[in-house]
Amino acid sequence: MGYKLTPAGFGALLDELATNYQIFGPVRYAGKGRLAGTDLTTYGPVRSVSDLVWDARTTFAPKEVFFPVKESLLYFSGQEITEPSLEMKETLVFLRACDLNAVSRLDKIFLANGPEPDSYYARRRQHIHFVLMECQEGFPGCFCVSMGTNMATGHQAALRLENDHYLLQALAEPWIALGERYGQPARVEPVWVEKNPLTVRVPERVDIALFQHELWREYACRCIACGRCTLSCPTCSCFSVQDVIYRDNPERGERRRVWASCQIDGFTDMAGGHQVRADRGDRIRFKVLHKIYDFRRRFGINMCVGCGRCEEVCPEYISFARCVNTLNQLMEVQGRDA
Amino acid sequence: MSYNTKELIKNAYRITSQRGFTALRIRVPGGHLEASYLGLIQDIARRYGNGTVHLTTRQGFEIPGIPLDKVPEVNRLLAPLLEKEAALGVPIENFQAGYPAAGTRNVTACIGSRVCPFANFDTIALAQKIESLIYPNHYHVKIAITGCPNDCIKAHLQDIGIIGQVEPEYDPGRCIACQACVKNCRQFIVGALEMDNYQVQRDGKRCLGCGECILQCPMAAWTRGPRYYRIVALGRTGKKSPRLAATFLEWIDEKAVLQVIANLYRYIDRHIDRSLPKEHVGYIVDRTGYQVFKEELLEGVDLGPKGRVARELPFYGYSYDRNLYMEG
């Protein structure tokens, strides 16, 4: 069902939704950018229509709404252990097609990777509902078309900002009822980005011989191991575990999981001091191949969704897209030589 | 030849080593200028000067080799530059008469946040605002503005050096304990950050407000809070006791900065030794002592909840009395 809504109509719709849902979406925080005088666009609570940011990609991905940066797994007090209960309101997340595709990647890792689903993820995830924000065109550095993530499924509704009004495609309740109440019926067909200025060709296969390629040596010099590429990535799911002992009572404390990054020092440290990937070039190789090769070998789809964040946030101008295209060329050359 | 050198100097012309020739100093508040003015500077240098231009240590242009009898003509050509000053709010009475004063030097600034990622604010905009507050003025005062404690503009060699500060705000919920901020602060700054129980603790009394933790943080756990300024005072070079400025005030807002600068001119007016042809503010403070300086500069100034004032200015460590430490 399609509806046309005025900003006021859509605002009233959101107000009604807010009584039963918590709503997250791309929001701009004035003056909160890294650099003086810049804003931070990222996921946060949406309180009104005007909060939703359409003209910029978010620095961080929507995953933090249901995969918190920090999550208490259990509390301990002497010999007792308690698992924290979760009371969570139904939650709506406004997001783009690439990011919605990224959710399916996170679902694979947390729900379908081991013998049991990750209960902490699962219990949040069941309360999450998605509203697609349609892209008229991508942002610089996007390559969703190359990754096949320009289209998406699994959302309750799709929303398009067109000139001075919103077009709503209601695919499920409560959106049909809300569309009827706050909008005018209209013909709304989904619109997908069909072309990005940037094309990325993912190699079908990556030869293990490429592990020693000089390409990674270049990245070893350029990368500063800050971890921004992974922390902003909508599909990265790695976490570390912290046991926090309360300062005022060492008998009590909690075990948390906290986002971690394969790019940051310490990620592969093992007892005895061995580091699996001390070299930064090796870390980039590990990340890139996971995004476009290893994950696919396990789950049948590429992990990367082409959102372009990793390139945009890299202070050293390292381009994931260029790296993948270089790998593809190297494999093509190898194919010809064979 | 008959020229009033005092008047020439106040008109931003210099008495030079070449008899009969002068050099004109063009002010560039904040060291930033629309490139369109370069044509005018080139024109004056070619038609009236010796065809060269010197980039001054205070971010202005100095045009040497101008015959003294051409000063009135050159002054008429300066109208567009004076109009630019007027647009900043500087009161200019006669746009045909050249610069109305030269004692208060060009307000210099590092390139600031328009270009530099380390800068905590738009230094050029503040330089231009201060220019309108203090110019024209014959008192010899040097002010410089810098975006962060790297102090690329050398604010520590000025009478008043203004250093941008930002109060970093920490969201422990976003911190992944990567320690990028802690390591950076310890290695390159003052070591105001410590990791305790996977959480960063910041020593607010030690923190310089440089904002590096915000730049380092890959998670936006550190973000920009309110902007403040630190004022370093009474630095100087010169043939008598050069010294680096010391921190006079910190964590104050822009309004307080502007009030302190306005007060500085009142202080000079009260205490300057008028028997001398000129007296640089630093030497006035040598006479009155810091306590008088402090009291008068803080008159009517709201330092706000975070503002801190120096009890005394710890000047030490460098002396021109080389007999104290040189052999022979």
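The table that follows gives values for the structure above.
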| quantity | calculated |
| --- | --- |
| Pairs of Cα atoms farther than 18 Å apart, region A:248-338, % | 62 percent |
| Trypsin sites (Lys or Arg not before Pro) restricted to region B:180-243 and DSSP loop, no more than 15 other C-beta within 10 Å | B:K205, B:R206, B:K239, B:K240 |
| Intensity falloff of the protein assembly as shown expressed as log10 I(q)/I(0), Debye formula with alpha-carbon point scatterers, at q = 0.06, 0.08 Å⁻¹ | -0.50, -0.81 |
| Relative pair counts by distance (%), Cα atoms of region B:5-88, 10 Å bins | 18, 56, 25, 2 |
| Percent RCO, i.e. relative contact order, over region B:5-88, from Cα pairs under 8 Å lying at least 6 residues apart | 28 percent |
| Rg and Dmax [Cα atoms of region B:273-328; Å; Rg one decimal, Dmax integer] | 16.5, 54 |
| Kirkwood estimate for chain B, i.e. one over the average of 1/r between Cα atoms, Å | 21.8 Å |
| Dipole magnitude of the protein assembly as shown, debye to nearest 20 (Cβ charges: Lys/Arg +1, Asp/Glu -1, about Cα centre) | 1660 debye |
| Fewest-first ranking of A:T326, A:T268, using other Cβ atoms within 10 Å as the exposure measure | A:T268, A:T326 |
| Sequence-distant residues sharing a close amide H with B:F248 (under 5 Å, placed H) | B:I231, B:V232, B:A233 |
| FRET efficiency for B:Y316 and B:S275, using Cβ-Cβ distance with R0 set to 25 Å, rounded to 0.05 | 0.25 |
| Tail beyond 29 Å, pair distance distribution of chain A (Cα, percent) | 45 percent |
| Sorted by Cβ density within 10 Å, fewest first, the residues B:S17, A:S240, B:S113 | B:S17, A:S240, B:S113 |
| Within the protein assembly as shown, helix-based [θ] at 222 nm, where runs of 4 or more DSSP H residues each add -39,500 (n - 2.57), nearest 500 | -8000 deg cm²/dmol |
| Under Karplus coefficients 6.51, -1.76 and 1.60, residue-wise ³J(HN,Hα) of region A:97-105 in Hz, glycine/proline x | 4, 4, 5, 5, 4, 5, 4, 5, 5 |
| Listed residue (A:L327, A:G272, A:P185) projecting farthest to the positive dipole end of region A:181-338, Cβ model | A:P185 |
| Region A:17-115 - charge dipole about Cα centre, Lys and Arg +1 at Cβ, Asp and Glu -1, debye rounded to 20 | 420 debye |
| Nonlocal amide H pairs with A:I318, under 5 Å, H built at 1.01 Å | none |
| Dimensionless Rg ratio for region B:144-233, taking C-alpha atoms and the 2.2 N^0.38 Å reference | 1.13 |
| Burial ordering of B:R58, A:R247, fewest other beta-carbon atoms within 10 Å first | A:R247, B:R58 |
| Value of Rg/Rh across region A:46-123 [Cα atoms, Kirkwood radius] | 1.05 |
| Set of lysines with alpha-carbon distance to B:K6 below 25 Å, sequence-local pairs under 8 removed | B:K70, B:K142, B:K239, B:K240, B:K278 |
| GluC sites (Glu not before Pro), loop per DSSP, at most 16 other Cβ atoms within 10 Å - longest free stretch of chain B | B:94-298 |
| Gyration tensor (Cα) of region A:207-292, equivalent ellipsoid semi-axes in angstrom | 31, 14, 11 |
| Distance between modelled label sites at B:N197 and B:S36, nm, 7 Å Cα→Cβ extension | 6.1 nm |
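Read the figures in this text as sums done on the coordinates, not as results from a lab. All values reported here derive from a predicted model rather than from experimental measurement. When we count neighbours, we look across all protein chains shown, and the Cβ atoms used for this are built from the backbone with ideal geometry, even at glycine.
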